[in-house]
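Below is one structure, written out as structure tokens, with a few remarks after it.
The values are calculated or read from the model by the stated rules, or taken from the named source; none is laboratory data. Not measured: the values here are computed from a predicted model. Every residue, glycine as well, gets a Cβ built from its backbone with ideal geometry; the counts of neighbours run over all protein chains shown. For the accessible areas, the whole protein counts, side chains as well, though only heavy atoms, and no ligand, DNA or RNA atoms are used. Shrake-Rupley method; radii C 1.70, N 1.55, O 1.52, S 1.80 Å.
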Amino acid sequence: MLQRIVWSMALCGVLLVVPASELRAQITPADYDRALGLQEKYRGLVDHAPAAPMWIEGTSHFIYRRSTVAAAGHDAGQEYVWVDAKSGTKRPAFDHGRLAEALAKVYAAPVKPESIPLGKYSLVDHETAMELTHANAIWRCDLSTYQCSKKRDLTHDDDDFDEGDGYDFTPKAINDQARAKPSPDGKWMAWVKNYNVVVGPMKAKSADEKPPAVPGSKKSNAPDDRENIVISEDGSEGNYYAVDTLVWSPDSKHIAVYRIRPGYERVVDYIESSPADQLQPKHSTMIYPKPGDVLPLYQPVLFDVAAHREIQIDNALFPNPFELTSLVWWKDARGFTFEYNQRGHQLYRVIEVDGANGAARVLIDEPSKTFVNYEPLIREQYDSGKHFRKDLDDGKEIVWASERDGWEHLYLYDGHTGQVERQITRGEWVVRAVDRVDEEKREIYFEASGMNPGEDPYYAHGYKIGFDGTGLTPLSPAAADHWLNYSVDGKYYLDTYSRIDLPPVMELHRTGDASLVSAVETAGISRLKAAGWEPAEPFHAPGRDGKTEIWGVIYRPRQFDSAKKYPVIEDIYAGPQGSFVPKGFNARAEPLTELGFVVVQIDGMGTNNRSRAFHDVAWHNLKDAGFEDRILWHKAAAAKYPWYDVSRVGIFGTSSGGQSSMGALLFHPEFYKVAASNSGCHDNRMDKIWWNEQWMGWPVGPQYSESSNVDNAWRLKGKLMLVVGEMDHNVPPESTYQVVDRLIKANKDFDLLVVPGGEHGAGGKYGQRKLMDFFVRNLLSEKTPEWNTEEPGTGDKE
């Protein structure tokens, strides 16, 4: 048997002998087809994976969704299961076939029973009907007749209402009595007319019933416009009262409302070159505030309704707002609160205004030398924020979250004095979510990560603790990433947990003693593994400080041979709002592994969900992107695995990841050789205001240029591919075009893919193929197929 293949070439009479282990066949279209089909190959092969549990108010019942196995006449999909926590009864939540028929009429599109797109829904009327949102309306479906009807259209007061104004979240100047806000006692209405606040009597319910007189009015009770009292006089088109912010005091004696001076209305222009419905291009615009723009100025205003007068509120404690939150009255009407996020995100305050005299004071003061992460502390996809506030006993005490000791923890405040009573949680670990606050038992149920030695510090677990900081009790001990979901009455909780190598498990527990009631669902992956799927491998190594462990995952090539050397491609997203290396189970496929690449993901310093010092690396410095940690991590992996070729490292990413992937070639060309950048926010001055001022600061200074791929384009070394969608409404396409302009002026070579009509992350299957081509040519140094001579594929046809 031949031990090697001999390859002879007439080159200076030299006979070349190459070991068989170093040879491979040229990559073919069939290889690409397998790579691009991997995710579809694995789709539907996880059995009974539970997700999205929802408790039904007033009951011990809950509903969850689980994946289903393909059956005769049906594809693999999902179904909804109803469970009674008390009895253990378990059944389908509804007739999936009949509901699919009913919803097909609502959606005006076919609906399959195995893939019902419910979105946000709830069971009402003692579980006899379902309510769901669709097309800016609430729909009601009877679960006995399976007839659906529109209940009402969504309004500006609904959380689900989509205003459609791009990134402009400023309340509008609306002069419309139809938007009037009724007083709690039901006697009066308040609205805005000619940009000023107007108070009038509630309309009579019948012809014989006269409306009450306006408070303080000496006029008759005639129900006409003469009874309406204009209680403000300084409203104008350029400084208007916003009716959507207006709130009555609980005793109906006062009104609090914001007067708003609009800021600069920056508009981004779009040209859709190839619209589907006409030959000629289309032009459109979107409101899109950017860093440094003049913001709207909010001024809270207090009115004494009976006296028809404004009570002045001094804004000295909130002079320069990036945002003021909704005005919320205390239940006893003694005053109201709002939260002040100072521009630059280095000072956050809870402000209380006295309802009698308008005096403002600080209840909670949260300063920072870097940034205050003001987004809500809820454990969703990006774990985006660190802000939590819970008012207890009408503000007698307040539970507050803060990173002031270097870690995200909970504090108990005296709501009357504004003093800290005690720190509730403490330690070198991070509170990730507050699930429930039991005021009667004075206990807090929360999720945290990093508490268990020797475990992945990103795994979240459930705990409870007393308001006094004692009685810390674990509620979900399994070494995995947990999500807890409590019943409305707090008697039960669902613990759904998994790891990248452990399929999801859903357990039902009693809250009182954390005892297990039942294993509700355990997913199966035997079919997935039989199809060739393998989980990624967790890997960690010390970062730049020599002690902090940096965590990531490694996806090995599909046809792995430990005797070979494989180039490495990093899939990067380093946005400071979250951490992004997967922790829970996902039947994910990395197409590039089919073509002979190692693919990795890493959470370097500057990302979220670790210590404050870990996070602060991003401040004024998005170009850092944790690269010092990432490079050390790569080198540690190469030291452990001989097949890990650290001399051939590429990188790709989208959005913030697009900025970072190009930045790898600009700022670390000694390590990264090839980069594909999709929809990058290449200059943080060009991207949305809220995301970029949060991390890069305000006012706009030289730090923006220092992190700019545009201003540093002249540094480019290595191979770069840029992808941009011409209709990107997340990161405007000019961010990429300005990079292109600077690269051309610097006489740099690069590849560019512009996707007509493309949105954020544009390219689709074609873009994925182009990315694969790019890495095959530049990291594997192999020829790619001659696509224009191949048989036509399944792309769009004219």
What part of the accessible area of region 692-798, given as a whole %, is carbon or sulfur when the probe is 1.4 angstrom? 48
Straight-line reach check, residue 187, cutoff 17 Å on alpha carbons, 8 or more apart in-chain or any other chain, hits among aspartates and glutamates -> 208, 209, 224, 225, 227, 251, 304
Rounded, prolate or oblate (a/c below 1.5 giving rounded, otherwise prolate when a/b exceeds b/c) for region 36-117 by Cα gyration tensor: oblate
What's the center-to-center distance, using Cα atoms, between region 292-338 and region 441-467 in Å? 37
Computed lengthening from residue 287 to residue 362, 0.36 nm per intervening residue step minus Cα-Cα distance: 23.7 nm
Contour minus Cα-Cα distance for residue 136 and residue 439 (0.36 nm per residue): 105.5 nm
Cα centroid of region 476-497 to Cα centroid of region 703-764, whole Å: 44
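Longer than 26 Å from Cα to Cα, which of 105/151; 396/464; 90/120; 673/783; 86/151; 150/181 are they? Say none if no pair is. Numbers along the way, then the final one.
Values: 105/151 15 Å; 396/464 22 Å; 90/120 22 Å; 673/783 18 Å; 86/151 32 Å; 150/181 24 Å.
Beyond 26 Å: 86/151.
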The chain, helix-only ellipticity at 222 nm - DSSP H runs n ≥ 4, -39,500 (n - 2.57), divided by all residues, nearest 500: -3500 deg cm²/dmol
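Given the peptides 54-62, 346-354, arrange them by the average over their residues of other C-beta atoms within 10 Å, most packed first. If you can, show how the numbers build up before the last one.
Values: 54-62: 17.0, 346-354: 19.9.
Highest to lowest by the protection proxy: 346-354, 54-62.
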For residue 569, residues with placed amide H under 5 Å, excluding near neighbours: 598, 599, 600, 650
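What's the carbon and sulfur percent of region 357-445's accessible surface, probe 1.4 angstrom, rounded to a whole number? Show your work: numbers first, answer last.
On the way: 1710 of 3940 Å².
For region 357-445, the apolar C and S fraction of the accessible surface comes to 43 percent.
How much area per residue is accessible in the chain when the probe is 1.4 Å and only protein heavy atoms are counted (Å²)? Display every interim value, and only then the final one.
Details: 36490 Å² over 798 residues.
Computed with neighbouring chains in place, this is 46 Å² per residue.
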How do 40-49, 636-645 rank on mean C-beta neighbours within 10 Å, highest first? 40-49, 636-645
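Between residue 33 and residue 145, how high is the FRET efficiency from 1/(1 + (r/R0)^6) when r is the Cβ-Cβ distance and R₀ = 51 Å? Nearest 0.05. All intermediate terms of the calculation are to be shown ahead of the outcome.
Details: r = 47 Å, r/R0 = 0.93.
For residue 33 and residue 145, the calculated efficiency is 0.60.
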In what sequence, highest mean first, do 483-494, 517-528 appear when ranked by Cβ atoms within 10 angstrom? 483-494, 517-528
5 angstrom amide H check on residue 151, placed H, neighbours 5+ away: 138, 139, 140
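Within 10 Å of each candidate Cβ there may be at most 12 other Cβ atoms; applying that plus a DSSP loop requirement, which chymotrypsin sites (Phe, Trp or Tyr not before Pro) in region 263-336 survive?
Hits after loop and neighbour filter: 264.
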